[in-house]
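**Q** Dumping the structure here so I can ask a few things about it.
The values are calculated or read from the model by the stated rules, or taken from the named source; none is laboratory data. Since the structure is predicted, the reported quantities are computational estimates derived from the model, not experimental observations. As a convention, Cβ positions derive from the backbone with ideal geometry for all residues, glycine included, and neighbour counts pool all protein chains shown. Just so you know, the surface numbers come from the protein's heavy atoms only, side chains and all, with ligands and any DNA or RNA stripped out. Shrake-Rupley method; radii C 1.70, N 1.55, O 1.52, S 1.80 Å.
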Amino acid sequence: MIIKRIFLFFVIALILLASVGCVEKFTCSVLNCKIKSGEDITFFIATDPHHLSKKTYDNGKAFHWFLNSGDGKLLQYTDEIIDAFTLDIEDSKPNILIIPGDLTCNGEKESHLEMAEKLKNIKKLGVHVFVVPGNHDIENPWARNYFGDEMIKIDSITKEEFVEIYEPFGFKDAISRDSHSLSYLAAPAEDVWLLMLDSAKYKRNKVRDAPEMGGEIPSKTFNWIRECANLAKENNAQIIAVMHHSLMDHSEVINEHYTIENSQEVIDLLLDCDIQIVLSGHIHLQDIKSYKRDNKNIYDIATSCLIAYPNQYGVLKFSPEKGFDYATRRVDVYAWAWENSIKDRNLNNFNKYSRDFFRQRSYDKYYDTLLEISKFSNEEMKAISETVAELNLKYFAGFRNELIHDIFPTKGFKILQDTAPFFIRDYVMSMFNDQKTDNNKIHIPIYSK
Ligand SMILES: [Fe+2]
């Protein structure tokens, strides 16, 4: 009996040890980098494409309400914008496409399946594609069909389905995967590796009425990140980190639920790992912020939303001698519409259509907010909303400080200047004293120890 108990104790102890070993042990598959050391690399970064399948809506009241209560995303044209972007890819032939999340409008299964088809077409052009989920993509309780006057709840996808659907776009080629999240490490090039971080918090979405908007990098993932960084160093590779949420605040006023909750901890961790570039999305704002510690800089480059004005994406060029150069480029929807003989007037005059749509959504949003706080006359509310709508066009496109001084003579700006601080005033004033004036470009030299 005693022998039996001792035997059982050893068996349990062995099982426990083995399971702890499995969880904590860093595993990595054999390196097979397609891009060899010394080569220049071009990355395209397109974020928040929010694809919405045309099978989920018709031209009825419900969809119009949904579209017009939004933030300027052209959800009615995601197919066309992504297809036009694919034509840009065909013309420019980047090596790598990175999508930092919010691949779909609200995680609808149909939208995900169509998005994966679009990515397959991009992959066929010889482009390596890497994705991470955003807050809208997994277990989203907001997934809906919009037919007639009705919004009908439909299926979203689980995290397992996300991995299955997007398997060819990062997960299959990952050299290591985190056991606590959908984060993974990919080595598409010998010189530059991608640390694709899952910052979305979808685990509790099932029991919520809305998707969790905020994000974090789970502390359980920290050790895995350190192991990834060590492996990259052993192989003389630099790491670019990618996540949906912001690593650091992109605005003094709008940051709650945009910046990851454990921002400072993750900044310190990534700096310890000698990571200097993070590519993010989520805030839909074109913005670059940096943080310095002990002579080391880390940059969080937030690219604006692909399907909202000015419908741009990031182009990051790596050269082993010069380092990294980031610049934005607008999707050429007009060229795509022309090439495909599209007759839709909005697409044939896309830049104006997208600009007017975004401006109107901004105007409506601020006018409604001003109505609620009932502090101004109707005339004043209209003037302020005009000013903020005009400013937002440039602000979201990445322009700050003296590049937006032409707003000073407007009536709305003068009213804001003369009024006591409140959040709309604070938001507007924050645009004039920012870290960078033009957030559409930056040069980042090679990291040197
Ligand atoms: Fe998002």
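**Q** Using +1 on the beta carbon of Lys and Arg, -1 on that of Asp and Glu, and nothing else charged, what's the dipole of the stretch 126-205 about the Cα centre, debye to 20? Let's see the in-between values first.
**A** On the way: 8 positive and 14 negative charges, 62 e Å.
Value, rounded to 20: 300 debye.
**Q** Quick check on the stretch 349-432: what are the equivalent-ellipsoid semi-axes from the Cα gyration tensor, as sqrt(5λ), descending, whole Å? If you can, show how the numbers build up before the last one.
**A** Details: eigenvalues 84, 53, 21 Å².
They are 21, 16, 10 Å, listed largest first.
**Q** What are the ³J(HN,Hα) couplings of the stretch 155-161, residue after residue, when phi is run through the Karplus curve with 6.51, -1.76, 1.60 and θ = phi - 60°? Round to Hz, x for glycine and proline.
**A** 3J(HN,Hα) across the stretch 155-161, in whole Hz: 6, 9, 10, 8, 5, 5, 5.
**Q** How high is the FRET efficiency between residue 294 and residue 150 when r is their beta carbon distance and R₀ equals 56 Å, given to the nearest 0.05?
**A** Step by step, r from the Cβ atoms, then E = 0.45.
**Q** Same structure, new question: What net charge do the residues around residue 121 carry, taking every other residue with its C-beta under 15 Å from that of residue 121, with Lys and Arg at +1 and Asp and Glu at -1?
**A** -3
**Q** A further question on this structure: Within the set of other residues whose C-beta is less than 12 Å from the C-beta of residue 430, count the net charge using Lys and Arg as +1 and Asp and Glu as -1.
**A** Taking every other residue near residue 430 into account, the sum is -3.
**Q** Kindly report the accessible area of the stretch 170-216 per residue (heavy atoms of protein chains, probe 1.4 Å, no ligands, DNA or RNA), in Å².
**A** Heavy-atom accessible area per residue stands at 37 Å².
**Q** Let me ask something else about it. Going 7 Å from the Cα of residue 379 along its beta-carbon direction, which residues of the stretch 405-447 have the amide nitrogen within less than 14 Å of the resulting point?
**A** Under 14 Å, as judged by backbone N against the label point of residue 379, lie 411-412, 415 of the stretch 405-447.
**Q** Now a separate question. For residue 437 and residue 90 in the same chain, what is the full-extension length gain: residue separation times 0.36 nm, less their Cα-Cα distance, in nm?
**A** On the way: separation 347, 0.36 × 347 = 124.92 nm, distance 3.16 nm.
121.8 nm is the gain from fully extending residue 437 to residue 90.
**Q** For the chain, modelled as a Gaussian network with Cα springs under 10 Å, which listed residue fluctuates most, 316, 185, 269?
**A** 269
**Q** While we're on this one: Mind checking the alpha-carbon convex hull of the stretch 281-423 and giving the volume per residue in Å³?
**A** Convex hull of Cα atoms, per residue: 170 Å³.
**Q** Note down the net charge around residue 36, summing +1 for each Lys or Arg and -1 for each Asp or Glu among other residues with Cβ under 15 Å from its Cβ.
**A** With Lys, Arg at +1 and Asp, Glu at -1, the net is -3.
**Q** Still on this structure, I have one more. Can you compute the equivalent ellipsoid semi-axes for the stretch 225-303, i.e. the square root of 5 times each eigenvalue of the Cα gyration tensor, sorted largest first and rounded to whole Å?
**A** 23, 12, 11
**Q** Also, I was wondering about something else. So what's the angle, to the nearest 10 degrees on a 0 to 90 scale, between helix 378-396 and the longest Cα principal axis of the chain?
**A** Around 40 degrees separate the two axes.
**Q** Before anything else, pin down the relative contact order of the chain: Cα pairs under 8 Å, at least 6 apart, normalised by residue count, whole percent.
**A** 16 percent
**Q** For the chain, give the magnitude of the charge dipole about the Cα centre (Cβ charges: +1 Lys/Arg, -1 Asp/Glu; no others), in debye to the nearest 20. Walk me through the numbers before you get to the answer.
**A** Numbers: 53 positive and 66 negative charges, 120 e Å.
Dipole about the Cα centre, nearest 20: 580 debye.
**Q** Rounded to the nearest 500 deg cm²/dmol, what is the calculated helix-only ellipticity per residue at 222 nm for the chain, with -39500 (n - 2.57) per DSSP H run of length n ≥ 4? Let's see the in-between values first.
**A** On the way: 13 runs with 161 residues, N = 449.
After summing the helix terms and dividing by the residues of the chain, the value is -11000 deg cm²/dmol.
**Q** For the stretch 349-432, what relative contact order do you get, as a whole percent, if you take Cα pairs closer than 8 Å and at least 6 residues apart? Walk me through the intermediate numbers first.
**A** Details: 63 pairs, mean separation 23.3, N = 84.
Contact order relative to length: 28 percent.
**Q** Another question, if that's okay. Rounded to whole Hz and in sequence order, give me ³J(HN,Hα) for the stretch 425-430 from the Karplus expression 6.51 cos²θ - 1.76 cosθ + 1.60, θ = phi - 60°, writing x for Gly and Pro.
**A** 4, 4, 4, 5, 5, 5
**Q** Using the C-alpha gyration tensor of the stretch 79-183, what are the square roots of 5 times its eigenvalues, in whole angstrom, with the largest one first?
**A** With the √(5λ) rule applied to the stretch 79-183, the semi-axes are 25, 20, 9 Å.
**Q** Using a Gaussian network for the chain with springs between C-alpha atoms less than 10 Å apart, which of these wobbles most: 306, 119, 31?
**A** Looking only at 306, 119, 31, the largest GNM fluctuation is found for 31.
**Q** Return the ratio Rg/(2.2 N^0.38 Å) for the chain, where Rg is computed over Cα atoms only.
**A** Cα Rg divided by the expected 2.2 N^0.38 Å: 1.04.
**Q** What is the spread of the Cα atoms of the stretch 185-339 along each of their three principal axes, largest first, in whole Å?
**A** The Cα atoms of the stretch 185-339 stretch 49, 48, 29 Å along their principal axes.
**Q** Which lysines have a Cα less than 22 Å from the Cα of residue 411, not counting those fewer than 8 places away in the same chain?
**A** Counting by Cα, and skipping residues close in sequence, residue 411 has these lysines nearby: 365, 375, 382, 394.
**Q** Along the Cα→Cβ direction, 7 angstrom out, place labels at residue 406 and residue 158. What is the inter-label distance in nm?
**A** It is 5.4 nm.
**Q** Taking the Cα centre of the stretch 26-153 as the origin, how large is its charge dipole in debye, to the nearest 20, when only Lys and Arg (+1) and Asp and Glu (-1) carry charge on their Cβ atoms?
**A** So the magnitude is around 360 debye.
**Q** I would also like to ask the following. Would you mind telling me which residue in 369, 56, 104 has the biggest mean-square fluctuation in a Gaussian network model of the chain, where springs connect alpha carbons within a distance under 10 angstrom?
**A** Its mean-square fluctuation being the largest, the pick is 369.
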